[in-house]
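Have a look at the structure below, then the notes.
Any read-out appearing in this document is the output of simple, stated calculations on the displayed coordinates, not a laboratory observation. Because the structure is predicted, anything quoted here is derived from the model rather than measured. A quick note on method: Cβ atoms are made from the backbone with ideal geometry, for glycine too, and the neighbour counts reach across all protein chains shown.
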């Protein structure tokens, strides 16, 4: 394409959560009309898009008919009916990233096999069909504690993952097709977001380093640039570039990696879309991940990934034990701090650990950004009007 930016172009985005919202906002800068397919007509992306069409991303007819209404289809989640996407492609409708790459990523078993086939470093794993097979392997001595079980399909944001440390944890084993992995002795968790356009140009964003909320298994603090050794960061970027090229994927690929205690990198999981670990790019990088996705799928040259200023990003998660109409406490105090950029996703109801927004903090040094992030986190709470 490359010359498509006109007021008549209709970009279809499957799902209208916070990622769809931020992608729609980026598209509006180029006068691109965005159409959203979502079950909820009042999804976060609704106020920022041209039109929301009610539909289920897993329903063939909903996805196919939606695709026929737009000029190009992209997406902000993995749980999509790929048969409908493939039919659209056969009929000449661009779907990017490509459905074939999405199918590999949708299934963590296929994902792991792909890593192995393309020399991508990943932890040892075994495929199981059900809980009975896993228990039989434990009894036979071919599987020992501890291990990590992940559902092959449907898991996201920490869901569908179970850490089994002893016999006492057996009741937590999922009775569904899954992979079982050896645990990695983790020193750091990092993310690299790679972009690739149809011409094969690849660019990676700087390595981001993540700290997780252990209770929710969600990113609690992200910093960029990373503090790990520069040679390891270069290796992570090389792995990400090789992986997106191997998938022949047009668009964005977020690659989550572990750095183990021996300074070896392991790819954990990937996502073919904008990612929580890239929110900071809106303010801290010359080109945001959302603009980069648009550049990639439209066939434009990829934008600069130069860091404008060190940053820390915190997710705004619903407080434990609180559910109801959302209320943000401490917002004014946080905005008194220089460099604090608040993003609220527009979700009307809060739930425990639900992602309600994020805050990016910019500062001249990473240490200052982290200190301000700690201050902001202590002041800002996501609660409910029901609890007051």
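Ranked by the mean number of other Cβ atoms within 10 Å per residue, highest first, peptides 294-303, 59-68 order as 294-303, 59-68. For the listed peptides 107-120, 31-44, a ranking on the average number of other beta carbons within 10 Å per residue, highest first, reads 31-44, 107-120.
On the beta carbon distance between residue 172 and residue 28, with R0 = 41 Å, the FRET formula returns roughly 0.40. Antiparallel DSSP bridges in the chain: what percent, to the nearest 5? Approximately 80 percent, going by the DSSP bridge assignments.
Extension gain for the segment residue 117 to residue 385, taken as residue separation times 0.36 nm less the Cα-Cα distance, is 91.3 nm to one decimal. Output the Kirkwood hydrodynamic radius of region 199-336, Cα pairs only, in Å rounded to one decimal. For region 199-336, the Kirkwood estimate is 16.6 Å.
Evaluate the Kirkwood expression for the hydrodynamic radius of region 1-63, namely the inverse of the mean inverse distance over all pairs of different C-alpha atoms, and round to one decimal in Å. Working shown, then result.
Values: mean 1/r = 0.0855 Å⁻¹.
When all Cα pairs of region 1-63 are included, the Kirkwood radius is 11.7 Å.
Taking only the C-alpha atoms of region 268-312, the Rg (one decimal) and the largest Cα-Cα distance, Dmax (whole number), read 11.0, 31 Å.
Computed over the chain, relative contact order equals 13 percent, with contacts defined as Cα pairs under 8 Å that lie 6+ residues apart. Rounded to the nearest 0.05, the FRET efficiency derived from the C-beta distance between residue 261 and residue 140 at R0 = 45 Å is 0.90.
Can you give the FRET efficiency to the nearest 0.05 for residue 7 and residue 349, using r as the Cβ-Cβ distance and R₀ = 56 Å? Once rounded, the FRET efficiency stands at 0.95. Between region 142-196 and region 305-343, the alpha-carbon centres lie 29 Å apart. Based on C-alpha pairs under 8 angstrom that are at least 6 apart in sequence, region 190-300 has a relative contact order of 30 percent.
For the peptides 128-134, 285-291, 171-177, the ranking by mean Cβ contacts within 10 Å, running from highest to lowest, is 285-291, 128-134, 171-177.
Dividing the convex hull volume of the Cα atoms of region 266-369 by its residue count, what figure in Å³ per residue is obtained? Show your work: numbers first, answer last.
Numbers: hull volume 15.8 nm³, N = 104.
Here the figure is 152 Å³ per residue.
A convex hull fitted around the alpha carbon atoms of region 8-105 yields 82 Å³ per residue. What shape does region 100-150 take by its C-alpha gyration tensor, where a ≥ b ≥ c are the square roots of the eigenvalues and a/c under 1.5 counts as rounded, a/b above b/c as prolate, and the rest as oblate? Verdict is prolate for region 100-150.
Treating each Cα of region 88-214 as one equal point scatterer and applying the Debye formula with no solvent, the log10 of I(q)/I(0) at q = 0.10, 0.16 Å⁻¹ comes out as -0.43, -0.96. A crude spin-label estimate for the pair residue 91 and residue 304, with each label 7 Å from Cα along the Cβ direction, gives 4.3 nm. Could you work out the Rg to Rh ratio of the chain, with Rh taken as the Kirkwood radius (inverse of the mean 1/r over all Cα pairs)? My calculation of the ratio gives 0.96. Spin-label model, residue 286/residue 242: points 7 Å from Cα along the beta carbon direction are separated by 2.7 nm.
Remark on region 124-181: hydrodynamic radius 11.2 angstrom, per the Kirkwood mean of 1/r across alpha carbon pairs. Put a dot 7 Å past the Cα of residue 68, heading toward its Cβ, do the same for residue 42, and the two dots end up 3.1 nm apart.
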